[in-house]
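See structure below.
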Amino acid sequence: KAKVEFEKAKLEAKRELEKYKNENPNVGREKLESIAETLGIDYTNKNDEELKEAIEKEINKNKTT
């Protein structure tokens, strides 16, 4: 059950990221951190670009599993 909830949260984070990317290509740091937190990504030592890449990587990683 926990895995299903985690997957749902990741899908929601992906939808949210896509929505904000389409509406505003310069997604704010606060929003990036929120999405990263949802996905379990440590964002403390990442700049915005690194954080965006980590989010994309995490989202894509689960498409293949």
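Net charge in the neighbourhood of Ile41 (other residues with Cβ under 12 Å of its Cβ; Lys, Arg +1, Asp, Glu -1) is -2. Distance cut-off 20 Å, Cα to Cα: go down the list Lys1/Lys46; Lys10/Lys57; Lys14/Lys52 and report the pairs above it. Going by Cα-Cα distance, Lys1/Lys46 fall outside the 20 Å limit.
Read-outs throughout are calculated quantities, based only on the coordinates presented, and are distinct from any laboratory measurement. Keep in mind the model is a prediction, meaning the values are calculated, not measured. A quick note on method: Cβ atoms are made from the backbone with ideal geometry, for glycine too, and the neighbour counts reach across all protein chains shown.
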